[in-house]
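The values are calculated or read from the model by the stated rules, or taken from the named source; none is laboratory data. Just so it is clear, the model here is predicted, and its values are computed rather than measured. Counting neighbours? That spans all protein chains shown, and the Cβs are built from the backbone with ideal geometry, glycine included.
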Ligand code: NAP
């Protein structure tokens, strides 16, 4: 069994990105919008901000009151869309219940939608066109590629069908010529599907959902789930101790898909920066 070491890979990608950024005159800049004071969201936003700073990008944090209205948020996005010094825009989800997230995500200019959650980018990913793919699925694809795990003709089973992880990951894997099965809460006999997986990706948020009897001998397992246990420890959706001896490759939690998500956001921000420089015609 070999570990899919997302932490090590993310550090090496960050190093390459830092070199690219250091060669830029004007620095790539990401606007991060946080509405309210949900502690988990604050942690995620700070991690993203620090990651930007590590590679020399600018992170502009907009920490807005939980009383911010839909209209006020839309106005801020509009002004960031028109701000040439902002290359990427990210709205931390979930938003407070009085704000509808879809119109907010749709308002972000597609060329700055580095989270890839707008319908424009979702559609382009589905159509296998150049786009900003969401960071977590992108990170999983990069992790598999770094370990030379081929997807063509493989049966990829994805457990979890959210718009931010499971569905876009299914699209990316299909684009890579895998045979893809997506499972969700209504899937009957989950184990009958997971046992068929050459590559099993799990993004649910339920510790130990995947047990050893649910995994085929020699499978590749990518655990995307993150749950903070009452003792403060972070764990994934896969029973790592029991499942790992059966796997050819498995990603740990923490240190697998998580760091890859952050570095994929940085890559998307750099891509947005390059696209916008190109639009401005300022490429040397
Ligand atoms: P989500 O929106 O809650 O989606 C979870 C998905 O799992 C849904 O499709 C849900 O189905 C399905 N599901 C729930 N219980 C199930 C079961 N028993 N069997 C099969 N499917 C089941 O969550 P998410 O945002 O996709 O995140 C999923 C997990 O990944 C969470 O632990 C999250 O913290 C983690 N995550 C990690 C990263 C990272 O950087 N590593 C990034 C994003 C998310 P229904 O919708 O039908 O209920």
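Okay, here's what the table says:
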{"quantity": "Members of the stretch 172-204 found to be in contact (Cβ under 8 Å) with a residue 40 or more places away in the chain and closer than 12 Å to residue 159 by Cα, listed by number", "calculated": "197, 199, 200, 201, 202, 203, 204"}
{"quantity": "Qualifying positions in the stretch 185-204 - in contact with a strand residue (DSSP E or B) (Cβ under 6 Å, 6 or more places away or on another chain) and either surrounded by fewer than 16 Cβ atoms within 10 Å (Cβ to Cβ) or assigned to a strand (DSSP E or B) (or both)", "calculated": "196, 199, 200, 201, 202"}
{"quantity": "Flag if residue 221 is outside any loop (DSSP other than H, G, I, E, B), on the phi < 0 side of the Ramachandran plot and either buried (at least 18 other Cβ atoms within 10 Å of the Cβ) or at pLDDT 95 or above (or both)", "calculated": "yes"}
{"quantity": "Residue check, residue 138 within 16 Å of the ligand (Cβ to nearest atom) and surrounded by 21 or more Cβ atoms within 10 Å (Cβ to Cβ)", "calculated": "yes"}
{"quantity": "Selected residue (criterion: nearest to the ligand (Cβ to nearest atom)) from residues of the stretch 259-269 that are within 8 Å of the chain's Cα centre (by Cα) and within 19 Å of residue 220 (Cα to Cα)", "calculated": "261"}
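Conditions tested, residue by residue: (1) in a strand (DSSP E or B); (2) within 12 Å of the ligand (Cβ to nearest atom); (3) modelled with pLDDT of 95 or more; (4) within 25 Å of residue 3 (Cα to Cα).
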{"site": "117", "(1), (2), (3), (4)": "no, yes, yes, no"}
{"site": "122", "(1), (2), (3), (4)": "no, no, yes, no"}
{"site": "173", "(1), (2), (3), (4)": "no, no, yes, yes"}
{"site": "177", "(1), (2), (3), (4)": "no, no, yes, yes"}
